[in-house]
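The values are calculated or read from the model by the stated rules, or taken from the named source; none is laboratory data. No experiment lies behind these values; they were computed from the predicted model shown. Neighbour counts run over all protein chains shown; Cβ positions are idealised from the backbone, glycine included.
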Amino acid sequence: MSQILNSGKGTKIELIQNADLSALCTYGVGGRAKRLVFARCTDGLNQALGLDDNWIVIGNASKLLFLDSGFDGTIIATKDDKYFFKTQKDDKSDFEFVYAGAGVKLPLLARQMCKAGLYGLEWAGGIPALIGGAVKMNAGAHGGDMATVVKSVDVFKNGKKIVLTNCRCGFGYRQSGFERSDIILGATLQLKRASQNQSDKMVIEKTKSPLELLNFYNKKRALAQPKGKSCGSVFKAVTLNKSDLNHSVANLLKLDDLKPKRLSGQNDIKAFNGQSAEPTIQIPAWKFIDACNLKGTQIGGAIVSKIHANFIINSGNAKSDDIISLINLVKSQVYDKFSIKLLQEVIIVD
Ligand SMILES: Cc1cc2nc3c(=O)[nH]c(=O)nc-3n(C[C@H](O)[C@H](O)[C@H](O)COP(=O)(O)OP(=O)(O)OC[C@H]3O[C@@H](n4cnc5c(N)ncnc54)[C@H](O)[C@@H]3O)c2cc1C
């Protein structure tokens with residue numbers, strides 16, 4: 001049952017005791033949490049944090065796997081779902097800035113911005129995240145990610161709000177430097193007007209408007225990704241030093257062309273210069289899983305998708321334990337075949 005609590009300053013938070021976690025997350029699994037709290041503002045957050053030492057903040061719970069045994073603590077959800085342009089249109093400037101609260105739905109914002117003729121979020125139309133979760137995970141697809149559009153992030157840290165510029169957010173591949181105790185309140189995004197369509201990625205498809213690109217990517221996604229309850233990709237892409245990728249592995253993975261020219265392109269093998277002097281390559285995890293013939297493998301109600309090997313689907317009656325057992329099976333088979341340790345992108349909440 002939901003309760004509304006007033007704080008000393010009159011701020012209201014909504015509280016649900018013994019909340020059903022399976023109803024909260026895109027995986028549709030999990031037991032119960034002691035409490036679920038919806039907070040709209042920093043006073044509400046302070047009030048929520050005072051309820052429990054054990055807490056976690058969630059967005060749309062699209063990357064989370066809750067345990068069958070539930071969560072013995074408080075789940076905090078930010079409710080700020082407002083967004084607004086921060087500056088008036090200025091004909092001399094290339095950019096427009098939009099502030100989005102942590103609770104804004106990323107695909108909705110992406111569509112609104114594309115409709116407004118702004119580039120920057122056209123890759124995001126199919127990612128079921130809220131802005132807070134998208135920033136924390138540096139969500140991305142089709143060559144774009146949050147790190148390329150975030151100008152600054154408002155964070156609730158140690159009881160007060162601070163603003164961090166992009167370079168202080170510690171963005172990396174599907175990760176950021178925010179700590180577990182940091183609560184993202186919202187982010188200011190820097191978007192480009194349609195007439196300024198000059199980025200590398202856009203050059204390829206520069207005849208498309210932002211909305212056309214968004215629809216194009218959504219269609220591509222619908223063909224490549226399975227329907228059903230999931231968390232998207234379960235494992236991160238594998239980063240290897242180029243010298244570690246021997247030809248037998250390359251053959252097994254059907255990486256037929258490893259020339260530097262192709263490696264630096266927009267293909268599924270991406271080369272980049274990391275911290276090490278040696279060039280590294282990034283290989284999608286599904287290639288390893290596919291090469292182990294694991295598509296269709298099932299434990300209880302959890303199944304490795306036949307359409308995309310890096311998706312583990314809840315076929316309807318999966319337990320969290322089924323999904324975890326399947327994750328471990330995939331990891332061990334890939335390790336046995338390739339001596340590669342797959343890293344989880346899915347976050348298990350324990
Ligand atoms: C069908 C499907 C397709 C997907 N496709 C993609 C894709 O193409 N690209 C991609 O990158 N991801 C994809 N995902 C995964 C997921 O949508 C992203 O990881 C997303 O960034 C998670 O956002 P969320 O709001 O659901 O966060 P949650 O899953 O709720 O949380 C993720 C993490 O962020 C933290 N967090 C959430 N909100 C806040 C906040 N306000 N302050 C601080 N920390 C917070 C949580 O504590 C947790 O650590 C997909 C998922 C599904 C189900």
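Scanning the range 137-146 for residues that are under 8 Å from the mean Cα position of the chain (by Cα) and not hydrophobic (A, V, I, L, M, F, W, C), we see that the one that is nearest to Ala77 (Cα to Cα) is Asn138. Residues that are modelled with pLDDT of 95 or more and either of a type in the set (D, E, K, R) or within 17 Å of Gly140 (Cβ to Cβ) (or both) within the range 226-235 comprise Lys229, Cys231, Gly232, Ser233, Val234, Phe235, listed in sequence order.
The set of residues in the range 115-138 that are within 13 Å of the ligand (Cβ to nearest atom), part of a loop (DSSP other than H, G, I, E, B) and not β-branched (Val, Ile, Thr) comprises Leu121, Gly125, Gly126, Pro128, Ala129, Asn138. For the subset of the range 157-174 comprising residues that are touching a residue at least 60 places away in the same chain (Cβ under 8 Å) and farther than 20 Å from Lys86 by Cα, which member is nearest to the ligand (Cβ to nearest atom)? Residue satisfying both the conditions and the ranking: Arg174.
Yes or no, residue by residue, for (1) touching a helix residue (DSSP H, G or I) at 6+ places or on another chain (Cβ under 9 Å); (2) more than 8 Å from the ligand (Cβ to nearest atom); (3) under 26 Å from Ala224 (Cβ atoms):
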position	(1), (2), (3)
Phe97	no, yes, no
Met113	yes, yes, yes
Gly140	yes, no, yes
Gly144	yes, yes, yes
Ser152	yes, yes, no
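Beta carbons closer than 8 Å, at least 6 apart along the sequence or on distinct chains, pair a first residue in the range 50-64 that is basic (Lys, Arg) with a second that is within 10 Å of the ligand (Cβ to nearest atom) and modelled with pLDDT of 95 or more for Lys63/Ala129; Lys63/Gly133; Lys63/Met137; Lys63/Cys231; Lys63/Gly232; Lys63/Glu345; Lys63/Val346; Lys63/Ile347.
Candidates are the residues of the range 1-49 that are assigned to a helix (DSSP H, G or I) and at pLDDT 95 or above; the one that is surrounded by the fewest Cβ atoms within 10 Å (Cβ to Cβ) is Ala23.
A quick yes/no check of all residues on (1) of a type in the set (Lys, Arg); (2) buried (at least 16 other Cβ atoms within 10 Å of the Cβ); (3) not assigned by TED's automatic domain parsing to the domain that holds Gly50:
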| residue | (1), (2), (3) |
| --- | --- |
| Phe97 | no, no, yes |
| Arg111 | yes, yes, yes |
| Tyr119 | no, yes, yes |
| Asn138 | no, yes, yes |
| Cys169 | no, yes, yes |
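Pairs are defined by a Cβ separation below 7 Å, a sequence spacing of at least 6 or placement on different chains, a first member in the range 315-327 that is in contact (Cβ under 8 Å) with a residue 24 or more places away in the chain and in the same structural domain as Lys295 (by TED's automatic domain parsing), and a second member that is charged (D, E, K, R) and assigned to a loop (DSSP other than H, G, I, E, B); the pairs so defined are Lys319/Asp68; Ser320/Asp68; Asp321/Asp68.
Taken over the range 166-191, the criterion of being assigned to a strand (DSSP E or B) and of a type outside the set (S, T, N, Q) is satisfied by Gly172, Ile183, Ile184, Leu185, Gly186, Ala187, Leu189, Leu191. For the range 223-246, filtered to residues that are out of contact with any strand residue (DSSP E or B) (no Cβ under 8 Å at 6 or more places or on another chain) and touching a residue at least 60 places away in the same chain (Cβ under 8 Å), the residue that is surrounded by the fewest Cβ atoms within 10 Å (Cβ to Cβ) is Ala224.
Which count do you get for residues in the range 166-178 that are more than 11 Å from Asn138 (Cα to Cα), out of contact with any Lys or Arg (no Cβ under 7 Å at 6 or more places or on another chain) and not basic (Lys, Arg)?
If we filter the range 166-178 for residues that are more than 11 Å from Asn138 (Cα to Cα), which is where we start, we get 166-168.
Keeping just the survivors that are out of contact with any Lys or Arg (no Cβ under 7 Å at 6 or more places or on another chain) gives 167-168.
From what is left, the residues that are not basic (Lys, Arg) are 167.
Number of matching residues: 1.
Taking every residue in the range 177-195 that is farther than 25 Å from Arg40 by Cβ and pairing it with any residue that is among the acidic types (Asp, Glu) and part of a strand (DSSP E or B), at least 6 positions away or on another chain, the pairs with Cβ-Cβ distances below 9 Å are Gln190/Glu96; Leu191/Glu96; Lys192/Glu96; Arg193/Glu96. Taking Lys219 as the residue in question, decide whether it is surrounded by fewer than 13 Cβ atoms within 10 Å (Cβ to Cβ), modelled with pLDDT of 85 or more, not in a strand (DSSP E or B) and not assigned by TED's automatic domain parsing to the domain that holds Ile312. Criteria met by Lys219. Can you find a residue that is closer than 25 Å to Arg174 by Cα, outside the structural domain of Phe216 (by TED's automatic domain parsing), assigned to a strand (DSSP E or B) and near the ligand (Cβ under 9 Å from one of its atoms) anywhere in the range 68-75? Looking through the range 68-75, none of the residues is closer than 25 Å to Arg174 by Cα, outside the structural domain of Phe216 (by TED's automatic domain parsing), assigned to a strand (DSSP E or B) and near the ligand (Cβ under 9 Å from one of its atoms). Please verify whether Ile281 is outside any loop (DSSP other than H, G, I, E, B) and touching a helix residue (DSSP H, G or I) at 6+ places or on another chain (Cβ under 6 Å), treating the condition exactly as stated. The answer is yes for Ile281.
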